[in-house]
Amino acid sequence: MLPIGGVSMAALLAGCNSSDDDDDSSTPQPNPDPNAPVTPGTPVTFTSASFTPMAAPTLANPELMARTTVSSALSLTFSDGSKRTVELGYEPFFMTGDTVPDGKGGTMVAGGYFNLAGAPIMDNSVPAKARQFFSNCPDGTSLLALSAPTTVPGVAGNAVYAVVQFEYQSMDQAGNDMYGLLPSPIAVLTLSQDPNTGKLSLVKYSNVDTSSVHGLWITCGASLSPWGTHLSSEEYEPDATTARTTPSFQTYSLNVYGDATKANPYHYGHMPEVTVLPDGTGTIKKHYCMGRISHELVQMMPDQRTALMGDDATNGGLFMFVADRKADLSAGTLYVAQWTQTSGTGPGAGTLKWIKLGHATSAEVKELADQLTAADIMDVRTVDPADGSFTKIRYSGKDNWVKLQPGRRQAAAFLETHRYAAMVGGTLAFTKMEGTTVNAKDKIAYSAMSRIESSMIDGKVAGLKVEANSAGAVYQLHMKAGQVDTDGSAIDSEWVPVDMGAVTELIGKPLATPDALGNTHNADFISNPDNLKFSEKLRTLFVGEDSGGHVNNFMWAYNVDTKALSRLLSCPVAAESTGLQAVDEINGWTYITSNFQHAADWGSVHAVVRPTLEPLVKANYKDGFGAAVGYLTGVKIGA
């Protein structure tokens, strides 16, 4: 098994070097002019990559629809004009529910749930079948190496680590809905990297203790910071005006604390950061100063200060955080975008200005969260009070009338961020803004709008009204320096988005009628984009789907230079593509991580295939409770 990077940059270079000398010239070296003629002895360098797409699986071979399937290929071009092709495959680290080594001579359940006291949370829904809950929804993943040399027991080659978070558990053994009722686990994997093949093998699984941050709430997408930490997420922040009386939040509190009344909604909806330690354990903290929103994914810019944040919500916003110091998210300034529409055709387009919401430290906001209730911060009404001192806003698809309590502007900006941002004029009208990533060379950010619907098309937020698209689109945002906020104050960042419009090739295509398999979105185009990651080396934007319009969800590769869109991977039927990360280099090897979640989450789109595929999926994935965490590999090198 050959992970794709070592094939592309090191192993293959040795095979196509134009020098006859037995020296070190196969090592990639800078080439100032890749178009210059190659002379004997000139080091051969990698110049470009493209992918050969795979076909979507069909019922002609139902097993391919019922598991992770990869039959795509990576083509590499070198500076001497030679090419190599690598056939791709999929290698899992584990399936959730598997017994995995804990590094202490014992074992753990992969994806297992724990309360804040460290005790396993048990599924007792079926008599005489009690077992620890384990997630069927692995999501955000960060693959990384540490700079400090270490010796980790069981690691035969290089020590590599992965942080994996588990978004939720979809059901208990009796089939009852468990969404959002359990504290999300997050784990550090210690992996042994074979220096000769790049293959990664699991050596140790360590659950991160989250008691210091009150547990985690619905951790979805994630990213790797430039300084090597895992930037997590907490999406769909609980509405603090109602959460304490909501049965689901009370059940969450009971599972976290053993007390249905103890959990505080203001402790959730923030941005957690995990630091991996050389022994394969991890520490965690939450950054309360980055806004309390439906955090889907935080993308740090190369300045190590500017963060662009997805907001997976109805009436969501585009938010930006500029930290005071590099590689330190504990203090900074929070902004929300104001959209000025330039086109309402299709997904639409607009220019962006930025409203400063406030400056804070995480410690300051945490202190407010510990002490205040929603009523202390804002007077929120859901029926028109006929009082001019209130401001009408849209919140989660409904009308709210809001008024700040005296002296609570800071608390509102950072703890009631959605309502406050709408109140001060931010464009809170986006729907399901999910993955965010950056193409640093071109200073372009990409943001997935999984579905274009409701608040983007109803015109109820002034200034934004575009055409509906149930299949969604990926937008690109050009970034510039020298920008000012709406008050005329300079924004201390060179990475400020100034416009926003859809990438033509990354607009989903709904079908007028379902196709023969039941797809309601064209299977040869993206559908409901979610995970996004960009590879600078491959000049490729990777897109993972969370689609109810494709029978099988796919992972795609989009080359930003050639505009070619290639299907790389097909998830098991009805499963979402998650855990995407493009790692340009770890010890000379390149990796693309990929997970899936909730296989066989049946919907109306699966009516044609379900009778054939349901027994296969159950057999493959622990009766539907298992989900894979892994990465794409190169399985065969061609000419």
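The values are calculated or read from the model by the stated rules, or taken from the named source; none is laboratory data. Quick caveat, the model's predicted, so the values are computed rather than measured. All Cβ positions, even for glycine, are placed from backbone atoms using ideal geometry, and neighbour counts span all protein chains on display. The area values use the complete protein model at the heavy-atom level, side chains included, leaving out ligands, DNA and RNA. Shrake-Rupley method; radii C 1.70, N 1.55, O 1.52, S 1.80 Å.
Observations on the structure shown:
- Heavy-atom accessible area order for Lys443, Lys398, Lys104, largest first, 1.4 Å probe: Lys104, Lys398, Lys443
- Amide H contacts of Leu277 (H built 1.01 Å from N, in plane; Pro and chain starts excluded): Gly282, Thr283 sit under 5 Å, all sequence-distant by 5 or more or on other chains.
- Shape of the stretch 64-192, Cα gyration tensor, a/c cut at 1.5: oblate
- When a 1.4 Å probe is rolled over the protein heavy atoms, the share of accessible surface on the chain that falls to carbon and sulfur comes to 51 percent.
- The stretch 291-507: Rg to Rh, with Rh as the Kirkwood radius over Cα pairs: 0.96
- Treating r as the C-beta distance of Lys537 and Glu505 and R0 as 25 Å, the FRET efficiency rounds to 0.75.
- Peptide packing: for 604-614, 182-192, the average count of neighbouring Cβ atoms within 10 Å per residue gives the ranking 182-192, 604-614, highest mean first.
- FRET efficiency for Ser125 and Lys563, using Cβ-Cβ distance with R0 set to 45 Å, rounded to 0.05: 0.35
- Computed with a 1.4 Å probe over protein heavy atoms only, the accessible surface of the chain comes to 36 Å² per residue.
- Full extension of the chain segment joining Ala260 with Glu467 gains 70.2 nm, where the gain is 0.36 nm per residue of separation less the Cα-Cα distance.
- Taking 16 Å as the straight-line reach from the Cα of Lys199, the aspartates and glutamates in range (excluding those fewer than 8 positions away in the same chain) are Glu87, Glu91, Asp584, Glu585.
- Rounded accessible area of Asp487 (nearest 10 Å², 1.4 Å probe): 120 Å²
- Projected label distance in nm at Ser389 and Asp458, using a 7 Å step from Cα toward the beta-carbon: 2.9 nm
- One chain, two ends: Asp328 and Gln304. Fully extended at 0.36 nm per residue, the span grows by 7.8 nm beyond their Cα-Cα distance.
- With each label modelled as a point 7 angstrom along the Cα→C-beta vector, the His359-Asp279 pair spans 4.0 nm.
- Taking all protein chains as they are arranged and a probe of 1.4 Å, the heavy atoms of Val276 leave approximately 10 Å² accessible to solvent.
- Take 293-300, 139-146, 151-158, 315-322 and order them by the average number of nearby Cβ atoms within 10 Å per residue, most first; the result is 293-300, 315-322, 139-146, 151-158.
- Rounded to the nearest Hz, the phi-derived 3J(HN,Hα) couplings of the stretch 58-65 under the Karplus curve 6.51 cos²θ - 1.76 cosθ + 1.60 (θ = phi - 60°) are 9, 5, 5, 9, x, 4, 5, 7, where x marks glycine and proline.
- Gained length - Val608 relative to Val635, 0.36 nm times residue gap less alpha-carbon distance: 6.4 nm
- Shape annotation for the stretch 469-539: C-alpha extents along the principal axes are 56, 33, 17 Å, from largest to smallest.
- Scoring 109-117, 52-60, 95-103 by mean Cβ neighbours within 10 Å over their residues and listing the highest first yields 109-117, 95-103, 52-60.
- Efficiency of FRET between Asp376 and Thr246 - r from beta-carbon atoms, R0 25 angstrom, step 0.05: 0.85
- Ile507 accessible area, assembled protein chains, probe 1.4 Å, Å²: 30 Å²
- Alpha-carbon centroid distance for the pair the stretch 233-267 / the stretch 574-592, whole angstrom: 33 Å
- Helix-only mean residue ellipticity at 222 nm for the chain, each DSSP H run of n ≥ 4 adding -39500 (n - 2.57), per residue, nearest 500: -2500 deg cm²/dmol
- Whole-Hz ³J(HN,Hα) from phi, Karplus 6.51 cos²θ - 1.76 cosθ + 1.60, for the stretch 619-626, glycine and proline x: 5, 6, 10, 6, 6, x, 8, x
- Too-long pairs where the Cα-Cα distance tops 23 Å, listed order kept, from Lys432/Lys480; Lys353/Lys563; Lys285/Lys366; Lys392/Lys465; Lys262/Lys366: Lys432/Lys480; Lys353/Lys563
- Structure-derived mean projected area of the Cα convex hull in nm² - corresponding label in (1) 29.2; (2) 37.1; (3) 46.4: (1)
- Sorting Thr593, Thr246 on solvent-accessible area from highest to lowest, probe radius 1.4 Å, gives Thr246, Thr593.
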